[in-house]
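Dropping a structure here in structure tokens format, bear with me for questions.
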Amino acid sequence: MEPNLSIFILLGLLLFFGFFAGQIADHFNYPRVVGYILIGAVFSQDLLGRYFMFHENPLMELGPELATKFALGSIAFLIGVELEPDRIKKLGKTVFFGAFGQALFCVAVLALGMWGYMTYFSEGPADLILGLVMGTIAAASAPAATMAVIEEYKAKGPLTSTVLGIVAVDDALGIILFTFAVGLAGQGSLAGNLGSAGVEVLGSIVLGCALGAILGLAGKRFQNQNFRLALIIATIIFFIGISSYWHLSYLLTGMVTGLVSKLVSSFETEEWHKPFGHIEETIFLLFFTVAGYEFVFSVFTQSLGFIFCYIIFRISGKYTGAWIGARLAGAEKDVGRNLGLALMPHAGVAIGLALLAKSTPGLQEHGQLILNTILGATIFFAIVAPILTEKALQNAGEIDKK
């Protein structure tokens, strides 16, 4: 079989079956990305991929790094577009303390917990930076899954409002914290790495502001959605390239570009986002099926203890941090007791960050472990998180008990 032909056969199978798997997942009220990931995993090298005459990873010939970067850049841009500063500001200090509490505690608990696990149960050396990176990935959630439960039950109340405010900024916090964490994974002293990480974050924000302003001003002149879509895609490709060239975070750059472009253009979120909506699902389908294809069954089975600890520490960090944040903000007791339970979904951004970590110097030796851990945790939380969210809203009396 010709290698190039093999690539397109495999990619076609991934997209075809991934599409229908996503529809099945959606029918049973699970995120479509879970179906995409599962199909990718089924066709991975350790499973069905071995029967398709693929002696090596054929997708490597297709330039997956380019496709992955474009997908991640697009996701980051959309996160920025969907940020609503005015709405978040109106929600007040409960959202502020809750968001930072659950994110920072998640990072701290994962960093120390995974370091402790590696110290006592792993044959290799313990790596605190690995735990720190895992913690920043764990901080990211999946807003769509949480909002789906809220919309299904028409939930209303203080807890619902707080949850909606936090999930609106959760992924943004995760990206910022991740940028700092991977900066610490570089060669050199801790102080030097921390300084480099700070420069990377600041530089990414400045670049994003500049590109966002240019895109927003240009977008005002082009009311045609097709023209605006072409302009947005060109901007995404450009900020990925220039960020990589200047050793900045293209995720953070993309997020800031999306936010600033919407503010400068004066379009409503839905209107500015609408042109991209035509290709958004295609990007997700391609990205998550290819991400699932990176699944390595042998690594997964050998790391079940690591994955189990990641899940337990993430739940503990999210719940404890959200509870403490709510208490500091003086929120109602029902909000504090149930906030963490409603913040457990874990999907898109986490997988994107795991793929980035996999290719980051200083973390590459842990790349397969990181990615397979996040893939396993994503599937677990896709099943469990909606149940926990529903339970939290019931406990707070914001939906009718069934």
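In region 357-402, which residue that is in a loop (DSSP other than H, G, I, E, B) and under 21 Å from residue 178 (Cβ atoms) is least open to solvent (accessible area, probe 1.4 Å)?
Checked region 357-402; the qualifying residue least open to solvent (accessible area, probe 1.4 Å) is 363.
Same structure, new question: So, in region 218-236, how many residues would count as being modelled with pLDDT under 90 and assigned to a helix (DSSP H, G or I)?
From region 218-236, those modelled with pLDDT under 90 are 218-233; that's our starting set.
Among the residues that remain, those that are also assigned to a helix (DSSP H, G or I) are: 218-221, 225-233.
Result for region 218-236: 13.
Still on this structure, I have one more. Of all the residues that make up region 1-59, how many are at pLDDT below 75, farther than 21 Å from residue 297 by Cβ and either open to solvent by 40 Å² or more (accessible area, probe 1.4 Å) or not in a helix (DSSP H, G or I) (or both)?
Number of matching residues: 7.
Residue 305 fails exactly one of the following numbered conditions: (1) in a helix (DSSP H, G or I); (2) of a type outside the set (Lys, Arg); (3) open to solvent by less than 20 Å² (accessible area, probe 1.4 Å). What is the number of that condition?
In the conditions (1) in a helix (DSSP H, G or I); (2) of a type outside the set (Lys, Arg); (3) open to solvent by less than 20 Å² (accessible area, probe 1.4 Å), residue 305 misses (3) alone.
Would you mind telling me which numbered condition in (1) more than 16 Å from residue 38 (Cα to Cα); (2) open to solvent by 50 Å² or more (accessible area, probe 1.4 Å) residue 286 fails?
Looking at each condition in turn, residue 286 falls short on (1).
Between a first residue in region 286-306 that is under 16 Å from residue 380 (Cβ atoms) and a second residue that is open to solvent by 30 Å² or more (accessible area, probe 1.4 Å) and not in a helix (DSSP H, G or I), which pairs have beta carbons less than 9 Å apart while being 6 or more apart in sequence or on different chains?
Every condition considered, the pairs that remain are 295/45; 295/46; 295/47; 300/46; 305/122; 306/122.
Does region 325-350 hold any residues that are in a helix (DSSP H, G or I), touching a residue at least 24 places away in the same chain (Cβ under 8 Å) and among the charged types (D, E, K, R), and which are they?
Of everything in region 325-350, those that are in a helix (DSSP H, G or I), touching a residue at least 24 places away in the same chain (Cβ under 8 Å) and among the charged types (D, E, K, R) turn out to be 334, 337.
The values are calculated or read from the model by the stated rules, or taken from the named source; none is laboratory data. On a predicted model such as this, the values are computed, not experimentally measured, just so you know. Cβ coordinates were reconstructed from backbone atoms using ideal geometry, including for glycine residues, and neighbour counts include every protein chain displayed. Heavy atoms of the whole protein, side chains included, go into the accessibility calculation; ligands, DNA and RNA do not. Shrake-Rupley method; radii C 1.70, N 1.55, O 1.52, S 1.80 Å.
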